[in-house]
2 protein chains.
Amino acid sequence: MVRLKGFQKLTSIDEALQTFLNAVQIKKPKMVATSLDLALNRVLAEDVIAKEDLPRFDRSAVDGYAVRARDTFGASQFKPKVLRVTEEREAGEGKAKQVWTGNPIPNGADAVVMLENTKRNGDKIEVWAPVTPAENVSKKGEDIAKGEIAVKAGTRLKPQHLGLVAALGFSKVKVFEPPKVAILATGNELVSISEELGEGQFFEVNRLVLSAMCRDLGAEAVDLGIAKDNVAEIASKLRDGFATDVIITTGGTSVGLSDLVPEAVNTLGKPGVIVHGVAMRPAMPTALAVVVGKPIIILSGNPVAAMIGFEVFARPLICRTLGMVQQEFRPIVSAKVTRKVATTLGRKTFVRVRVFQKNGEFFAEPVSAKGSGMISTVTKANGYVIVPENREGLVEGETVAVYLFGYVEMNGSNV
Amino acid sequence: MVRLKGFQKLTSIDEALQTFLNAVQIKKPKMVATSLDLALNRVLAEDVIAKEDLPRFDRSAVDGYAVRARDTFGASQFKPKVLRVTEEREAGEGKAKQVWTGNPIPNGADAVVMLENTKRNGDKIEVWAPVTPAENVSKKGEDIAKGEIAVKAGTRLKPQHLGLVAALGFSKVKVFEPPKVAILATGNELVSISEELGEGQFFEVNRLVLSAMCRDLGAEAVDLGIAKDNVAEIASKLRDGFATDVIITTGGTSVGLSDLVPEAVNTLGKPGVIVHGVAMRPAMPTALAVVVGKPIIILSGNPVAAMIGFEVFARPLICRTLGMVQQEFRPIVSAKVTRKVATTLGRKTFVRVRVFQKNGEFFAEPVSAKGSGMISTVTKANGYVIVPENREGLVEGETVAVYLFGYVEMNGSNV
């Protein structure tokens, strides 16, 4: 095909990613101890092992009376069993001891009758419903047993993990230090947003967008600045990024004469560029390189293509450099496509759509995108639909899965 | 029903939430100007309006030659059109001027031929394919026109919004100050994780979990400490929270004698508790209160019930106090249920499940949960399935939507 003469072959996304991940050396990140309130969304570096049983003792799961279950057998509202309320630490035959949720089960008792199923008369209670042994009792070690792994290394710590770790009596955990991702923009026409625009120039925004995407994942972004379209300058700035874990570049990766990033990367070491040209749209000119084990992701300079390229290639790599052993998903909604969209056979296409809600149903309106340089398409859109290589588009009215990268506007009917 | 004697009536989730949101007064948060790199995930306080067109000039969307489209009509690889390459600022009839992606379209030209569709011979080029007028040109104002709203107030700023704002030449935006959420735990048996455990006591974890959930949403958490089961003490600590935007309590909201939070809240002002007892499981004893316009969410002391109650009632309220006009979704995966689960008719049930992947398919394994006090159920689980009121459970093998609150473990076949 004439229009692809710059790429001898387009690699599929899956193959490109697999080749790349296999070629990079991901070093184990450093650990640091941190207090639980600062550990939210960090990645756990060492298994948390229960140092004792949780609960620490058999405890009541409800408010009520601890009893011997067999003393309640046959009880009903019409034929209640009567038990004597005790204040002692024991509660044997014929006795009931009042307990609140969480209280220890007294010796002699083996179940708890819920308060609602009793009636108190002085120092006696009527029991209106039977309980079976262990009913309404949280047994010692039932939540987590001593020696069990409570939270596995490689877990991104969400609120519930912090809660479990705290319940076990730990006030600190070991987490991984965040990886560093260096970002270099290239292009003669680019100006930093803090500067004045000259004729024919425009503001460079990819470093801001991609560093925000890195921070959303929990990585630290390092700014390598803007390089002119010059092999030596690009190579020199890339070298500044070698102390980091991942390098990302934007621009200079098409088939034009000024597309010099792959060339600059290849001057830095072996194996250099291992994938150039991916069967996807946008972001076809994406290149993936490895230099002495260090991953370099070479993205298009078009902001939309850069974002999609990051999503597909940088996100899974960065999750690994974070030390994660888990997959993160974007929110997905099922929505009906509002109009036909044509895509190209042989390209996995990321169609940007605006999801909105109407009468409780979700709709996905394709955002017309003339070029992947139109950054407003990713702000007017709040998600994308992936059209596989073997389809030529989307049909009006078809139901698709939309991967949300933004939010959906509230409408009256929905809270 | 005997077991519900404490609740005269259970309110449905939808009705409870609507009643609550209608009764609270949400005050507009304060604004603050912030630089773009610090604005990620903050909520925009004022519309960002384009102060000029984007692009600022007609520019090339590709690398190639700017030409007059009609000079290329009829061109093919076998019958190329030949044009003269010019270095001038103009490119009229019979001329072609080399341009890189983003370069201004020179006067006289109205389209760009991609580099791949040309062959250079000295100061001439062969054009191998025709272009139509405006082809490969990003027109001035096509991305965003001057005066257009680029990003609406109430938007949570994701990387792409920052990119668009930067492309428009703004280096700061006005965002809302985060709302404050005060959290009070209640219960005689609770001990702070920094303290020593006595007999029959356990560590209080709800403040940590709920404050982490608040921070995940972008709100600030204020710790009101732990109150004993005592109306006066609870009321006094609640008063400390009145300077905040939302108050959340845990514990003391069932039908036991020690369930004193609703009583304490009602001493503080009108209307007090407006919902007590919700047709859901877990979190049935949740109560919702408003005191002089201030929202108070009274959650169960069981950590799992507290999390689900937060999810259902606090999350939509906090999004409003953040100033958001958008809905946030949790990631959802479709998965097959691995075994039958029974639920109670008339209760919307939140079944915790562990989603895992096998041979490319997702499965949801229900995590057995004896009581909502078992915090490990929410760490062993990574999501929940909502079983509606009119169903009695889930059937083995049925496909369900799982709302993920954690991550899914990676498996070999998936990257």
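Which distance in nm do the two modelled labels at B:D223 and A:L21 give, with both placed 7 Å along the Cα-to-Cβ direction?
Each label point lies 7 Å from its Cα, and together they span 3.9 nm.
Compute the label-point distances linking B:V191 to its equivalents in the other copies; points lie 7 Å from Cα along Cα→Cβ; give nm, one decimal, shortest first.
Once sorted, the set of distances for B:V191 reads 6.5 nm.
Please find the FRET efficiency linking B:N121 to A:L345, where r is the Cβ-Cβ separation and R0 is fixed at 35 Å, and quote it to the nearest 0.05. Let's see the in-between values first.
Working: r = 34 Å, r/R0 = 0.97.
The pair B:N121/A:L345 has a calculated efficiency of 0.55.
For B:A145 and B:K270, what is the calculated FRET efficiency with R₀ set at 41 Å and r taken between the beta-carbons, to the nearest 0.05? Can you show the working numbers first?
Values: r = 51 Å, r/R0 = 1.24.
Using R0 = 41 Å, I get an efficiency of 0.20.
Under a GNM of chain A (C-alpha, springs under 10 Å), which listed residue has the highest mean-square fluctuation: A:P130, A:P366, A:P388?
A:P130
At 7 Å along Cα-to-Cβ for each site, give me the label-to-label distance between A:E195 and A:K336 in nm.
5.1
Name the long-range amide H neighbours of A:I49: under 5 Å, sequence gap of 5 or more, or other chain; modelled H, no Pro or chain starts.
For A:I49, the qualifying residues are A:A150.
What residue among A:L164, A:L44, A:L322 shows peak mean-square fluctuation when chain A is described by a Gaussian network model with Cα springs under 10 Å?
Its mean-square fluctuation being the largest, the pick is A:L164.
Add +1 for every Lys or Arg and -1 for every Asp or Glu among the other residues with Cβ under 10 Å from the Cβ of A:G383, and state the total. Write down the numbers at each step before the final one.
Numbers: positive: A:R330, A:R352, A:R354; negative: none.
Here the charged neighbours net out to +3.
Modelling each spin label as a point 7 Å along the Cα-to-Cβ direction, I'd like the B:V292/B:D47 distance in nm, to one decimal.
Between B:V292 and B:D47, the simple spin-label model gives 3.7 nm.
Using DSSP to define loop residues, name the GluC sites (Glu not before Pro) in segment B:166-231 whose beta-carbon has at most 14 other beta-carbon atoms within 10 Å. Each step should come with its number before you reach the end.
Working: sites: B:E189, B:E195, B:E196, B:E199, B:E204, B:E220; in loops: B:E189, B:E195, B:E196, B:E199, B:E204.
Here the GluC sites (Glu not before Pro) that fit, given the DSSP loop and packing criteria, are B:E195, B:E196, B:E199.
Taking amide H positions as placed 1.01 Å from N in the peptide plane, with prolines and chain starts having none, which residues 5 or more places from B:V367, or on another chain, fall under 5 Å of its amide H?
Counting only residues 5 or more places away or on other chains, the set is B:R352, B:V353, B:R354.
On a full-extension model of 0.36 nm per residue, what is the gain between A:K152 and A:F73, subtracting their alpha-carbon distance, rounded to one decimal in nm? Working shown, then result.
Values: separation 79, 0.36 × 79 = 28.44 nm, distance 4.33 nm.
My answer for the length gained is 24.1 nm.
What whole number of Å gives the distance from the Cα centroid of segment A:52-99 to the Cα centroid of segment A:304-357?
The distance from the Cα centre of segment A:304-357 to that of segment A:52-99 comes to 56 Å.
Here is the link list: A:K95/A:K140; A:K174/A:K294; A:K51/B:K180; A:K146/B:K294; A:K119/B:K9. Which ones come out longer than 32 Å on Cα distance? Don't skip to the answer; put the middle values down first.
Values: A:K95/A:K140 23 Å; A:K174/A:K294 26 Å; A:K51/B:K180 35 Å; A:K146/B:K294 43 Å; A:K119/B:K9 21 Å.
With Cα atoms farther than 32 Å apart: A:K51/B:K180; A:K146/B:K294.
Relative to the longest principal Cα axis of chain A, at what angle does helix A:231-240 sit, 0 to 90 degrees, rounded to 10?
20
Give me the net charge of A:P80's neighbourhood, meaning all other residues with Cβ under 13 Å from the Cβ of A:P80; Lys, Arg count +1, Asp, Glu -1.
Values: positive: A:K79, A:K81, A:K119, A:R120, A:K124; negative: A:D71, A:E126.
Residues close to A:P80 contribute a combined charge of +3.
In segment A:1-101, what chymotrypsin sites (Phe, Trp or Tyr not before Pro) fall in a loop by DSSP, with at most 14 other Cβ atoms inside 10 Å? The partial results should precede the final answer.
Details: sites: A:F7, A:F20, A:F57, A:Y65, A:F73, A:F78, A:W100; in loops: A:F7, A:F57, A:F73, A:F78, A:W100.
Answer by residue number: A:F73, A:F78.
Can you classify segment A:332-414 as rounded, prolate or oblate using the Cα gyration tensor, where a ≥ b ≥ c are the square roots of its eigenvalues, rounded means a/c under 1.5, and otherwise it's prolate if a/b beats b/c and oblate if not? Spell out each step's value before the answer.
On the way: a/c = 2.20, a/b = 1.43, b/c = 1.54.
Oblate is the answer for segment A:332-414, as a/c is 1.5 or above yet b/c matches or exceeds a/b.
Debye sum, Cα scatterers, segment A:59-138, no solvent: what log₁₀ I/I(0) at q = 0.24 1/Å?
With one equal scatterer per Cα and no solvent, log10 I(q)/I(0) is -1.06.
Among the trypsin sites (Lys or Arg not before Pro) within segment B:59-96, which fall in a DSSP loop and have no more than 14 other Cβ atoms within 10 Å of their own Cβ?
Numbers: sites: B:R59, B:R68, B:R70, B:K81, B:R84, B:R89, B:K95; in loops: B:R68, B:R89.
Answer by residue number: B:R89.
Could you go through segment A:343-358 in sequence order and give the Karplus-derived ³J(HN,Hα) for each residue, using 6.51 cos²θ - 1.76 cosθ + 1.60 with θ = phi - 60°, rounded to whole Hz, and x for Gly and Pro?
Working through the residues one at a time gives 10, 9, 4, x, 10, 6, 10, 9, 8, 6, 9, 9, 8, 9, 10, 9 Hz.
Using the Cα gyration tensor of segment B:246-344, with a ≥ b ≥ c the square roots of its eigenvalues, what is the shape: rounded (a/c below 1.5), prolate (a/b larger than b/c) or oblate (neither)? Could you put the intermediate results ahead of the total?
Values: a/c = 2.97, a/b = 1.33, b/c = 2.24.
The shape class here is oblate.
Using a label point 7 Å beyond Cα on the Cα-Cβ vector, give me the inter-copy distances for B:V231 in nanometres, one decimal, shortest first.
Label-point distances to the other copies, shortest first: 8.5 nm.
Once Lys and Arg get +1 and Asp and Glu get -1 on their Cβ, which of A:T34, B:A289, B:V222 lies farthest toward the positive end of the dipole of the protein assembly as shown?
So the residue we want is B:A289.
Taking θ = phi - 60°, what integer Hz values does the Karplus form 6.51 cos²θ - 1.76 cosθ + 1.60 yield along segment A:109-115, in sequence order, with x for Gly and Pro?
8, 9, 7, 10, 8, 5, 3
Coordinate-derived values only; no laboratory data. Here the structure is a predicted model, which means the values were calculated and not measured. Because the Cβ atoms are built from the backbone with ideal geometry, glycine has one as well, and the counts that use them run over all protein chains shown.
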